[in-house]
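One structure is given here, and the rest of the page talks about it.
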Amino acid sequence: MLSAASAGVVLAASIAVVGTAEAASTLGASAAQTGRYYGAAIAAGRLGDSTYTRILNTEFNSVTPENEMKWDATEPSQGRFTYTNGDRILNQGLSNGSKVRGHALLWHAQQPGWAQALSGSALRNAAINHVTQVATHYKGKIYAWDVVNEAFADGGSGGRRDSNLQRTGNDWIEAAFRAARAADPAAKLCYNDYNTDGINAKSTGIFNMVRDFKSRGVPIDCVGFQSHLGTGIDSTYQANLKRFADLGVDVQITELDIEQGGNQANIYSTVTKACLAVSRCTGITVWGIRDTDSWRTGANPLLFDGSGNKKPAYTAVLNALNAGGTTNPTTPPVTSPPASPTTPPPSGSGCTATVSLNSWSGGYVATVKVTAGSSAVTGWTVSATLPSGGALTGVWSATNTGTTGAVSFRNVEYNGRIPAGGSTEFGFQGTGTGPSAAPACRVG
């Protein structure tokens, strides 16, 4: 990095890194070329079907249990845990070298009867114990957990769904994530929901929750977008994935299925390309393998027909994957990344700041990386100038002074200490075009 007095700035959208590897012949292998997975939700009861398992083992490099790890399946009576079918899914995936996504620790639906009869602190305690016990059982074996599923209401409010879990207190989602992190520190922790396939009131409500969680150090690593689609797709689909990624979380397409029609192949291709265009989109899961396995009876929404034959949608997805896209930077993890050619290594005892912008007409999200020099930092302040007419509309992982013109951002309690050469991030959102001049960083 440059010295604090001459801190540099990187103002750019993510640059696509187009794969040059030989085209792969399966979905999982092709996705892996950009560091992603292409997975399927599977049912333990279908693993005896040879066509089903052949496709599963050949095509996919990630599995998600359809029902086998949900509350009613894993704790049918209070305190008595049953993992037989969940373990079958886990072992099926691991034996094939696949990632395993855990689905789902807490959900208002598919609760066992005994949990439905509880309320208040009794339900809260039972729910947190459930998260702790199940995540502990699978500790170190699950790539990512859907910790909480479908907690936001449909419609225009952008608020929480009324449920027995919500009535235990608005902090129940936070409590679940903290319990999951304590039980399995290595797993990525996701929030998962549907009807969030574009920028709308519901997805914005979730966006605000994630931004709040990140600002307060609540452990959330990823957001899942179910993407149960009809015969069209929201025009802001990719932009929606990107705005969540800009909060500092991974995004995953978790339950993809698309109604069969004239546009099915094109929509599957569009979804795939959207994920490939967002570097923090770590993978895609289709909800089932063959049309006859789908919960959407008569919609024929999957990539294989009832006989296990590849559909045009399959070819569209494989072609999109083989065309390449951004390389996912977090899969596999890189412990010592080389310095960017535009960012010299840190020097001096101060701090430096770089910023990347995700812009659209009339607004932007800025992600700022603060890096310590040769000495540890115990507090930092970053200053920037917003163009005339623009204003801040939100800040996370920092506190701001000013909303127009010359503004400054100071660390919050949990991210003020940075080891020598280490870094942390904060972000802000605003109207206008975003800062065009270099930000300055100072210690203190």
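Taking all protein chains together and a probe of 1.4 Å, list Ser227, Ser235, Ser408, Ser383 from the most accessible to the least accessible. Before the final figure, lay out each step's value.
Details: Ser227 0, Ser235 120, Ser408 30, Ser383 50 Å².
Order by accessible area, largest first: Ser235, Ser383, Ser408, Ser227.
Leaving ligands, DNA and RNA out of it, rank Ile128, Ile199, Ile253 by accessible area with a 1.4 Å probe, largest first.
Numbers: Ile128 40, Ile199 80, Ile253 0 Å².
Result, largest first: Ile199, Ile128, Ile253.
With both partners inside region 36-146, how many of the DSSP beta bridges are antiparallel, as a percent to the nearest 5?
Values: 1 of 9 bridges.
Roughly 10 percent of the beta bridges in region 36-146 run antiparallel, per DSSP.
By accessible area of protein heavy atoms, probe 1.4 Å, what ranking do Asp234, Asp221 get, highest first? Write out the running numbers ahead of the final one.
Values: Asp234 70, Asp221 40 Å².
Result, largest first: Asp234, Asp221.
In Å and on Cα atoms, what radius of gyration and Dmax does the chain show?
Rg, Dmax (Cα atoms, Å): 22.5, 66.
Considering only DSSP beta bridges whose two residues both sit in the chain, what percent are antiparallel, to the nearest 5? Walk me through the numbers on the way to the answer.
On the way: 39 of 73 bridges.
About 55 percent, rounded to the nearest 5.
What does a probe at Ala437 reach in region 386-406, counting residues whose amide N is under 14 Å from the point 7 Å along Cα→Cβ?
Within reach of a label on Ala437: 386-389, 404-406.
Roughly how tilted is helix 50-59, in degrees to the nearest 10 and between 0 and 90, from the longest Cα axis of the chain?
The helix 50-59 is inclined about 20 degrees to the chain.
Where does helix 84-95 land angle-wise versus the long Cα axis of the chain, in degrees 0 to 90, nearest 10?
So the helix axis and the longest Cα principal axis differ by about 70 degrees.
At 7 Å along Cα-to-Cβ for each site, give me the label-to-label distance between Ser25 and Ala420 in nm.
Taking the two extended label points, one gets 5.4 nm.
On average, how much area does the Cα convex hull of region 351-443 cover when viewed from any direction, in nm²?
Numbers: hull surface 20.4 nm².
Value for region 351-443: 5.1 nm².
For a paramagnetic label modelled at 7 Å from the Cα of Ser235 toward its Cβ, which residues of region 199-220 fall within the zone defined by backbone nitrogen distances under 16 Å?
Those under the cut-off are 199-200.
Restricting to Cα pairs below 8 Å that are 6+ residues apart, what does the relative contact order work out to for region 163-317? Please round to a whole percent.
On the way: 260 pairs, mean separation 27.9, N = 155.
Value for region 163-317: 18 percent.
Roughly how many whole Å is it from the C-alpha centroid of region 220-256 to that of region 373-412?
Answer, in whole Å: 28.
Would you work out the relative contact order for the chain, in percent, from Cα pairs under 8 angstrom that are 6 or more residues apart?
17 percent
Mind checking the alpha-carbon convex hull of region 156-201 and giving the volume per residue in Å³? Before the final figure, lay out each step's value.
Numbers: hull volume 4.5 nm³, N = 46.
Once divided by residue count, the hull of region 156-201 is 98 Å³.
Taking only protein heavy atoms into account and a 1.4 Å probe, give the accessible area per residue of the chain in Å². Numbers along the way, then the final one.
Values: 17390 Å² over 444 residues.
Per residue, the chain has 39 Å² of solvent-accessible surface.
Between the helical axis of 120-137 and the dominant principal axis of the chain, each derived from Cα atoms, what acute angle in degrees is found, rounded to the nearest 10?
Long axis of 120-137 versus the principal axis of the chain: about 80 degrees.
The values are calculated or read from the model by the stated rules, or taken from the named source; none is laboratory data. No experiment lies behind these values; they were computed from the predicted model shown. Heads up, the Cβs are rebuilt from the backbone with ideal geometry, glycines too, and the neighbour counts pull from every protein chain shown. The accessibility values were calculated without ligands, DNA or RNA, using every heavy atom of the protein model including side chains. Shrake-Rupley method; radii C 1.70, N 1.55, O 1.52, S 1.80 Å.
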